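Since every read-out is calculated from the coordinates, none of them should be taken as a lab result. Model, not experiment: these values are computed from the prediction. So basically every Cβ, Gly included, is an ideal-geometry build from the backbone, and we count neighbours across all protein chains shown.
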Ligand SMILES: C[S@@+](CC[C@H](N)C(=O)[O-])C[C@H]1O[C@@H](n2cnc3c(N)ncnc32)[C@H](O)[C@@H]1O
């Protein structure tokens with residue numbers, strides 16, 4: 001089959017799920033991923049004849065996309081903070097808004113001249129936060145924890161890929177954590193979607209991404225935050241900072257969980273859509 005024929009077949013097949021432009025953008029990312037052809041290749045070479053192997057790869061990807069599987073789980077690759085991460089269905093696909101959280105941490109370390117900070121990433125998933133921080137600033141001593149063994153396998157793979165040293169620990173933040181080394185920084189993007197919000201979530205997220213990475217318990221939308229705040233109260237150094245990605249819907253409830261005796265003023269930042277998406281608080 002000619003490349004131009006497959007390209008229009010690809011767009012038509014995905015029309016129910018993606019706009020023509022989105023489908024074409026996915027097509028271009030796929031041909032870049034599989035064959036290292038840039039976006040101009042199909043324009044310059046519309047009559048290029050796809051060989052059997054190339055057609056099979058593209059057909060397989062198309063059949064998966066049609067089932068609303070996210071592209072990143074097909075290529076096993078996601079870009080975050082300018083670097084590539086291996087991903088599979090045991091980890092959340094890193095989101096662009098989380099990059100702002102990473103940026104905030106890095107800016108503050110630099111601005112406050114924190115030397116060799118001790119940092120913990122709670123609920124590391126693919127390791128996108130931990131690996132990006134360690135990669136951007138080699139002075140940071142990073143520990144990353146997750147309950148999921150499969151997620152930790154992925155995070156370790158990503159740390160190896162980017163040659164950064166991170167201490168990975170399998171731990172459930174619901175159980176007591178006797179952490180002896182006081183921390184300068186805790187960062188976390190915990191599960192923060194309430195099950196009531198399921199109807200607002202698209203099938204490509206709901207059917208493919210790990211629910212344990214997304215959802216809070218039914219009866220407590222700030223459950224994981226509370227655990228992290230308690231932990232931070234115990235192990236952050238005085239003057240240490242806690243950075244959290246947050247659900248804008250529960251900001252008020254979340255804020256009420258910080259004791260004024262332990263924490264200073266809460267600073268909130270918005271995402272590109274103008275929604276409160278992350279906060280920082282300093283331990284007194
Ligand atoms: C929203 S994902 C964040 C993943 C990654 N940090 C990111 O920003 O893309 C939340 C992570 O918390 C982990 N998690 C869920 N419950 C946990 C628990 N009780 N203890 C430790 N980690 C947990 C999940 O496995 C998941 O990797």
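Tabulated results
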| read-out | value |
| --- | --- |
| Burial order of peptide ranges 247-253, 17-23 (average beta-carbon count within 10 Å, highest first) | 247-253, 17-23 |
| Angle between the chain longest axis and helix 20-35 axis [Cα atoms, degrees, rounded to 10] | 90 degrees |
| DSSP beta bridges in the stretch 180-284 [antiparallel fraction, %, rounded to 5] | 65 percent |
| Length-normalised contact order of the chain in % [C-alpha pairs under 8 Å, at least 6 apart] | 14 percent |
| The chain: angle of helix 223-235 to the longest principal axis, Cα-based, in degrees nearest 10 | 50 degrees |
| Full-extension gain in nm, residue 40 to residue 272, via 0.36 nm per residue minus C-alpha separation | 80.6 nm |
| FRET efficiency, 1/(1 + (r/R0)^6) with R0 41 Å, evaluated for residue 218 and residue 55 via beta carbons | 0.30 |
| Percentage of interatomic Cα-Cα distances in the chain larger than 27 Å | 45 percent |
| The chain: most fluctuating residue of 94, 221, 42 per GNM, C-alpha cutoff 10 Å | 42 |
| DSSP-defined beta bridges in the chain - what % are antiparallel, rounded to 5 | 45 percent |
| Cα-based helix-to-principal-axis angle, 52-66 vs the chain, degrees rounded to 10 | 50 degrees |
